[in-house]
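Here's the structure, in structure tokens; my notes come after.
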Amino acid sequence: MLSRLKEIDGKPRRQNLNQIRDIVIAETAIKLGATLVSDDAKLRSVVEEFGGKAVPSSDLS
């Protein structure tokens, strides 16, 4: 998942730690069958690509 996020995200190398944290949270949501709430469209895309469910925070209101 991390390599896929790096591929589509294009963030500078110094952002790697944030991407790793994002993927740990995303993988946890997938494994628990939970919906990830994130305003990061690229992260949501990766989660859905790997079989998870993700929505933007605007869907909560």
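We did not get these values from a lab; they are worked out from the coordinates using the rules stated. The shown structure was predicted, so the numbers you read here are calculated from the model rather than taken from an experiment. Neighbour counts are summed over all protein chains in view; Cβ atoms, including those assigned to glycine, are modelled from backbone coordinates with ideal geometry.
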Exercise. Kindly indicate which of ALA29, ALA54 is part of a helix (DSSP H, G or I) and among the small types (Gly, Ala, Ser).
Key: ALA29
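Go through the range 7-17 and give me each residue that's more than 11 Å from the chain's Cα centre (by Cα), assigned to a helix (DSSP H, G or I) and not aliphatic (A, V, I, L, M). Talk me through it step by step, then tell me what you get.
Looking only at the range 7-17, we keep the residues that are more than 11 Å from the chain's Cα centre (by Cα), and these are 7-8, 10-17.
Of the ones still in play, those that are also assigned to a helix (DSSP H, G or I) are 7-8, 13-17.
Of everything in the range 7-17, those that are more than 11 Å from the chain's Cα centre (by Cα), assigned to a helix (DSSP H, G or I) and not aliphatic (A, V, I, L, M) turn out to be GLU7, ARG13, ARG14, GLN15, ASN16.
Would you please name the residue that is surrounded by the fewest Cβ atoms within 10 Å (Cβ to Cβ), looking only at residues in the range 45-61 that are over 9 Å from the mean Cα position of the chain (by Cα) and among the charged types (D, E, K, R)? Steps first, answer last, please.
We begin by selecting, within the range 45-61, every residue over 9 Å from the mean Cα position of the chain (by Cα); these are 49-53, 55-61.
Right, trim to among the charged types (D, E, K, R) and you get 49, 53, 59.
On the way: GLU49: 12, LYS53: 13, ASP59: 9.
Here the answer is ASP59.
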Practice problem: Please verify whether the range 32-44 includes one or more residues that are surrounded by 12 or more Cβ atoms within 10 Å (Cβ to Cβ), among the polar types (S, T, N, Q) and part of a helix (DSSP H, G or I). | Solution: no
